[in-house]
Amino acid sequence: MSVAGQWPYKSTGRVRALVLLALGVVKVATAEQLRQLVLPGTADPQTVRNACKDLRHAGLVETVGKTSQLGAGGRPVTRQLWNLTIAGLAAAASELGRPVKEMGGTAREAAKAGAAHALAVTDTIDAIRQSPPLPTSPVGRRAAVPVPRRALPARPAGLGHLAGWETEVALPVAGTFTAPGKGSLRADAVLQAPEDGVPVLFVEVDNHTEPAATVAAKISRYRTFFEREVKDHRGRDVELWSTVWEDSGRGGYPPLALVFTKDVGPEARRNRLQKVAELSRDCWQGRWQCPAAEWGLDDAEERDGWHEYAGTVPVIATHLDQLRAKGPHGPVWWRFGRATWQSLNDALTNTDTHAEYFARSDARRAAREAQRPRGWGETGRELEERLAAHWPCPSCGRDVDPDHTDTDGYQPEAGGLCPLCERTRRELEAERSATQERTGIMARLRTRAAER
C-alpha cells in the first residue's frame with residue numbers, strides 16, 4: 001500500500017504517535033481533549049482529528065460513541081469519542097514503553113455509554129499536566145500572502161509528563177495487582193513526577209454523583225491498601241505500595257488528590273469538601289504528641305507538641321475550574337485540616353512536625369539561657385561548654401540535657417536515652433519481665449503436674 005493510501009488523511013507520524021500515547025494513558029477522549037493533551041499549539045482540532053482518522057483506517061483506533069456538551073451559544077454540541085482497539089492498545093504500549101498486560105482495557109464499552117467519568121478524568125489530567133503550547137509551521141501555499149505567526153495561548157506551569165500518568169490503576173487490599181481481591185479499589189489516575197518533587201500522586205475525580213459518605217469511604221479504602229504489608233526478597237515485612245512507588249520523604253502515606261468537576265456553586269462546593277473531610281478525619285488527621293507536659297515545664301511549653309503523620313493519608317482537594325485557570329502550582333489546593341488554599345508543595349508539606357517542635361524547644365532554651373542573671377556566675381564560655389555536652393537521643397533524636405532530672409529521678413548518662421524514651425524502655429522492660437515471670441510460673445506448674 002502506498003503512503004497516500006495508508007494514511008489518506010495525510011497526518012504525520014509524529015502526530016499519530018502522540019495520539020496513540022495520549023489514548024494509551026486516558027483510554028477515551030474527544031479530538032479536542034487529545035489536542036489539549038499533546039498539541040495545544042495547533043490552531044484547531046483538525047490536525048488531531050485527521051490523525052485519529054488515519055489511525056482508524058489502520059485499525060488502531062475506533063469511534064463507537066459520542067458525547068454532547070453545551071457550546072458557546074448554549075446549544076448542544078456533539079463530539080465523537082475516540083478509543084483504542086486491541087491492536088491500538090499494543091501500539092500505545094510500545095509508545096509508552098509499558099508491557100501490554102499493564103495497559104488495561106480499550107474503554108470500548110465506556111465510549112458506547114458516553115464515558116462521562118472517563119472524560120472528566122481526561123480533563124483533570126490535562127489541567128494538571130498543562131502541556132505547553134508549541135509553535136507550529138503553517139502549510140505553505142503558492143501565491144499566498146505570508147501567514148503571520150499566530151499568538152499561542154498562555155498556560156500556567158504544569159506538573160509531570162503525560163507518560164508519567166496511568167488511569168484505572170488497581171490497588172489490591174487482597175490478591176495481586178493483576179488479580180485484585182474483594183474490597184480492592186481502582187485509582188482514577190496515578191501520576192509519577194519525581195522530577196517535580198512528586199514521586200507519586202493518586203487522583204480521584206468526583207462528578208458529584210456519589211454521596212459524601214461514599215467518597216470518604218473511598219479514602220478509608222486507600223488507607224487500607226497503604227497499610228497492606230508483604231514480604232520482600234529478604235523476608236522482611238514491607239508495605240505493598242512501596243514496592244511499586246517511591247516514598248516522598250515527607251512522612252505519612254502517598255498523597256491523594258480529590259478533584260471536583262461539577263459546577264455547583266461556591267457554597268455547595270465548600271459544604272461538600274467539609275463533609276468529606278469530617279467523615280474521613282481518622283484517615284488524614286495527624287496524632288498530637290505533647291511530651292513536654294510530663295517533664296514539668298511551664299504552661300506554654302505544656303501545650304506545645306507536634307503532629308505524628310505516620311499511618312495517615314494526606315488528602316488535598318481542588319476544583320477543576322481553578323485547576324485549569326491557575327495550574328497545579330497555584331494556590332488551588334485545600335489540604336484537609338487546614339484553613340487556606342495553598343500551592344501544591346505547601347499543601348503536601350506536613351506542618352507542626354517533630355523537627356519543628358524541637359527547633360522551638362531549642363529556641364526557648366536558648367532564650368532562657370540568655371535571660372539568666374549575670375550573678376549566677378556562668379560565663380559565655382561555660383555556657384557553650386555546657387550546651388556542647390548535650391547529645392541527640394539515640395532513639396528519637398531529641399536533644400538530651402545531662403543536667404536534667406525528671407520526676408522519676410532519672411538523669412541521663414553520656415550518650416543515653418532522653419527521659420521520655422527511658423521511661424518507655426523501662427515500661428517495656430517491666431512488661432517483658434512480667435511476661436517472663438508468668439511464663440516461668442506456668443512452666444513450674446506444668447512440671448509439678450507432670451511429676452504427679
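The values are calculated or read from the model by the stated rules, or taken from the named source; none is laboratory data. Worth saying up front: this structure is predicted, and the values here are computed from it rather than measured. Counting neighbours? That spans all protein chains shown, and the Cβs are built from the backbone with ideal geometry, glycine included. Surface accessibility is based on the protein's heavy atoms, side chains included, excluding ligands, DNA and RNA. Shrake-Rupley method; radii C 1.70, N 1.55, O 1.52, S 1.80 Å.
Any idea of I219's accessible area? Nearest 10 Å², probe 1.4 Å.
Roll a 1.4 Å probe over it and I219 shows about 0 Å².
Over segment 20-96, calculate the relative contact order: mean separation of alpha carbon pairs under 8 Å at least 6 apart, over the residue count, as a percent.
39
Could you compute how much accessible surface E427 exposes when probed at 1.4 Å, giving the result in Å² to the nearest 10?
110
Out of the total accessible area of segment 412-452 (probe 1.4 Å, heavy atoms of protein only), what percent is carbon and sulfur?
Carbon and sulfur together cover 54 percent of it.
Counting pairwise Cα distances across segment 14-63, what percent come out greater than 15 angstrom?
32
Any chance you could look up the accessible area of H354 with a 1.4 Å probe, heavy atoms only, rounded to 10 Å²?
Using a 1.4 Å probe on the heavy atoms, I get roughly 60 Å².
Roughly what % of DSSP beta bridges within segment 246-371 run antiparallel, to the nearest 5?
55
Rounded to the nearest 0.05, what FRET efficiency do D352 and D408 give with R0 = 35 Å and r taken as the Cβ-Cβ distance? Could you check?
Result of the calculation: an efficiency of 0.80.
When only C-alpha pairs under 8 Å and at least 6 residues apart count, what is the relative contact order of the chain, in percent?
Rounded, it is 9 percent for the chain.
What do you reckon, how do L89, L60, L445 stack up by accessible area (1.4 Å probe), largest on top?
Largest accessible area first, the residues go L445, L60, L89.
Can you tell me how much longer the chain between T424 and Q436 gets when fully stretched, taken as 0.36 nm per residue apart minus their C-alpha distance, in nm with one decimal?
2.5 nm
Using a probe of 1.4 angstrom, how much of the accessible area of segment 12-114 is carbon and sulfur, in percent?
Within segment 12-114, the accessible surface is 51 percent carbon and sulfur.
Rounded, prolate or oblate: pick one for segment 246-366, where a ≥ b ≥ c are the square roots of the eigenvalues of its C-alpha gyration tensor, a/c under 1.5 means rounded, and failing that, prolate if a/b is larger than b/c, else oblate.
Because a/c hits 1.5 or more and a/b exceeds b/c, segment 246-366 counts as prolate.
Cα-Cα over 18 Å: which of K66/K101; K66/K112; K27/K218; K218/K275; K112/K218?
K66/K101; K27/K218; K112/K218
In segment 245-282, which residues have a backbone nitrogen under 18 Å from the label point lying 7 Å from D321's Cα in the Cα-to-Cβ direction?
259-274
Solvent-accessible area per residue for the chain at a 1.4 Å probe radius, Å²?
Heavy-atom SASA per residue in the chain reads 54 Å².
In whole percent, and with a 1.4 Å probe on the protein chains, what portion of the accessible area of segment 213-354 is carbon and sulfur?
Summing carbon and sulfur atoms, their accessible area is 47 percent of the total for segment 213-354.
Shape call for segment 302-372 from the C-alpha gyration tensor, a ≥ b ≥ c root eigenvalues: rounded (a/c under 1.5), prolate (a/b greater than b/c) or oblate?
prolate
I need the shape label for segment 1-120. Rule: rounded when a/c is under 1.5, else prolate if a/b > b/c, else oblate, with a, b, c from the alpha carbon gyration tensor.
The shape class here is oblate.
Under 20 Å Cα to Cα from K262, which aspartates and glutamates show up? Leave out anything in the same chain fewer than 8 places away.
E32, D123, D126, D188, E204, D206, E210, D321
In units of 2.2 N^0.38 Å, what is the alpha-carbon radius of gyration of segment 396-452?
Its radius of gyration relative to the 2.2 N^0.38 Å reference: 1.81.
For R364 and T209, FRET efficiency with R0 = 60 Å and r from the beta-carbon atoms, rounded to 0.05?
0.70
Once Rh for the chain is found with the Kirkwood sum over Cα pairs, what is the Stokes-Einstein diffusion coefficient at 25 °C and 0.890 mPa s, in µm²/s?
92
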